[in-house]
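The values are calculated or read from the model by the stated rules, or taken from the named source; none is laboratory data. From a predicted model like this one, the values you see are computed outputs, not experimental measurements. FYI the Cβ positions are ideal-geometry reconstructions off the backbone, even for glycines, and counts take in every protein chain you see. Note: areas computed on protein heavy atoms with side chains; ligands, DNA, RNA excluded. Shrake-Rupley method; radii C 1.70, N 1.55, O 1.52, S 1.80 Å.
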Amino acid sequence: MNVHGTEVRQKALTLLRGGARNADVARQFNVPPGTVSYWKHLDRAKRGECPGRHDPSCPRCDGRELDEQAYSYLLGLYLGDGHISHYSEHRVPNLMITCTESWPGLMDDCEQAMRAVFPDNSVCRVRKTGCRNVKVYSKHLHCLFPQHGPGRKHDRRIALEPWQQVIVDAHPWEFIRGLIHSDGCRITNWTTRLVAGERKRYEYPRYLFANKSDDIRKLFTDTLDKVGVEWTTLARGSDPFNISVARKASVALMDTHVGPKY
């Protein structure tokens, strides 16, 4: 039984042949993305456009050039809001970064970084309630993100490989930006103080980064140290999970290189 109908399939194929993205076609016709991908594969095979198995090269395994600036940013996003999983029905694992709908610019930056790091792989967005998961599938994800492992990140050791540290040292602000875009924010704090005998409200900007992993927080603060940003630890109760950047000069540096989410 053809659940979706021949007419829907032909309309979908017409859009796909014109360059439309699988995810957009799936949403337009309310068809599962996997079905659209299967239709496209059969159509390309029928027209002789599938000469061989798609097997993108890897910077670590094959020496392919890596966009290190994009990778440093994507690494920060991964350590914050990303994870790698491998579904039993899929041939390869996927990297997924969860992005809130409130920050469409961040979502665009995430997708752009994924496409730069994995130029031969398809990147898609999966809509969820209040957010979207930006995803890429690749059998080389474990090569580029060796921090992957069983369980939550804050329950296991997280350390950069020497080659990763070289990239972060070369592009520290992109790494910081990725971490802030995942588990951080820029807010406006306020307090009161006496001015000429009168108590007045005083507002000042602050960057905050919160992560339960001691190792990830240290990667963040070590990188802040290298670029000259002063920071402090804020403990909520007995848990020192929050890193604060509030000094005027340091906030100005962060504004120049990171800025608020958008």
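What number comes out for accessible area per residue over segment 6-47 if the probe is 1.4 Å? Units Å², please. Spell out each step's value before the answer.
Details: 2750 Å² over 42 residues.
Roughly 66 Å² per residue, with all protein chains present.
Counting only protein heavy atoms and a 1.4 Å probe, segment 106-201 has 53 square angstrom of accessible area per residue.
Each peptide among 191-200, 176-185, 30-39 gets the average number of other Cβ atoms lying within 10 Å of its residues, and from highest to lowest they stand as 176-185, 30-39, 191-200. May I ask you to give the percent of accessible area on the chain that is carbon plus sulfur, with a probe radius of 1.4 Å? Exposed carbon and sulfur together represent 49 percent of the surface. Approximating the spin labels as points 7 Å out from Cα along Cα→Cβ, the residue 193-to-residue 86 distance works out to 5.6 nm. Pairs from the table (153/248; 226/248; 11/46; 46/135; 135/261) lying more than 23 angstrom apart at Cα are 153/248; 46/135.
Restricting to DSSP H runs of at least four residues, report the calculated mean residue ellipticity at 222 nm for the chain, -39500 (n - 2.57) per run over all residues, nearest 500 deg cm²/dmol. Don't skip to the end; give the middle numbers.
Numbers: 10 runs with 110 residues, N = 262.
Helices in the chain give a 222 nm mean residue ellipticity of -12500 deg cm²/dmol.
Averaging the Cα positions of each part gives two centres, and for segment 200-262 and segment 99-159 these lie 23 Å apart. Here the extension length gained between residue 155 and residue 212 equals 19.6 nm, from 0.36 nm per residue of separation less the Cα-Cα distance. Between 174, 111, 89, the residue with the greatest mean-square fluctuation in the GNM of the chain (Cα pairs under 10 Å linked by springs) is 89.
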